[in-house]
1. Is segment 2-142 best put as rounded, prolate or oblate by its Cα gyration tensor, with a ≥ b ≥ c the root eigenvalues, rounded for a/c under 1.5, and otherwise prolate when a/b is larger than b/c, oblate when not?
2. List the residues whose amide H sits under 5 Å from the amide H of GLY60, counting only those 5 or more places along or on another chain, with H placed 1.01 Å from N in the peptide plane.
3. For a quick check: sort GLU13, GLU188 by the number of other beta carbons within 10 angstrom, fewest at the front.
4. What ranking do MET1, MET76 get, fewest neighbouring Cβ atoms within 10 angstrom at the top?
5. For ASN118 and MET76 in the same chain, what is the full-extension length gain: residue separation times 0.36 nm, less their Cα-Cα distance, in nm?
6. Sorting VAL70, VAL91 on the 10 Å Cβ count, fewest up front, what's the list?
7. Distance in nm between label sites at GLN44 and SER28, each 7 Å beyond Cα in the beta-carbon direction?
8. For labels at CYS86 and ALA37 in the simple 7 Å Cα→Cβ model, what's the distance in nm?
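Where a number appears in this text, it was derived from the coordinates with a stated rule and is not lab data. Since this is a predicted model, take the numbers as computed values, not measurements. A quick note on method: Cβ atoms are made from the backbone with ideal geometry, for glycine too, and the neighbour counts reach across all protein chains shown.
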Amino acid sequence: MIIRAEIANYDIERVLIDTGSSINVIFSDAFRGLGIADSMVNRQTTLLLSFSEDLVQPVGSVSLPIAFGVTPRKTMTYDQFLIIDCPTAYVIVGRTALTEIKAHLSLHMLLTKFPTCNGTGAVRGDQLSARTCYATAIKSVACKPPMEAMVVQGVPNSSGPIDDLREDMPTPQAQPAEELDTVMLNEEHPGRCVKISTILSPYIRA
């Protein structure tokens, strides 16, 4: 859900509410726009697992005030934001900040409610901003350079039949751990046979 919120006294139109994220994320371009001094950034951070399951090294972390709602029904809290050097269309607010303000989300109604000193505050999701963020994300993926084509050795210009290496590698067959003897089950049906161990006692073989 995309909402509007204030971060460090700046009105941010595209704030993604992600209840599945345990952290808040602000991207480097948006962070530089806030005009916060680099001395406020904590550079001691650990690797972050992105949505694409890639490991990302954050630039740092910073504590920022974030406010939801409009006066007089407005609430504010401080929370840590990881700064990521990656282009995106929004700021991500995770469940830590939502827990601090005791927010209740209704995705069906695109509504976030929270208690304030003057009653219950509310922020509605913006469908237009959500569509714009989606279009921006699709556009950024489409602008990525194509993957380099690999040429298979032994096949000029990657044309012509490709040898199947499996033909030169016979499939291993299971082998018995000991010698077996073939025993006929019924003399009237010679094809009905079983294999038994040659080291069994005559009593068991009978």
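1. Taking the square roots of the gyration eigenvalues as a ≥ b ≥ c, segment 2-142 is oblate.
2. Sorted by chain and number, the residues that satisfy this are ILE83.
3. Placing the least packed residue first, the sequence is GLU188, GLU13.
4. MET76, MET1
5. 13.8 nm
6. Neighbour counts put them in this order, fewest first: VAL70, VAL91.
7. About 2.3 nm separates the two model spin labels.
8. 3.0 nm
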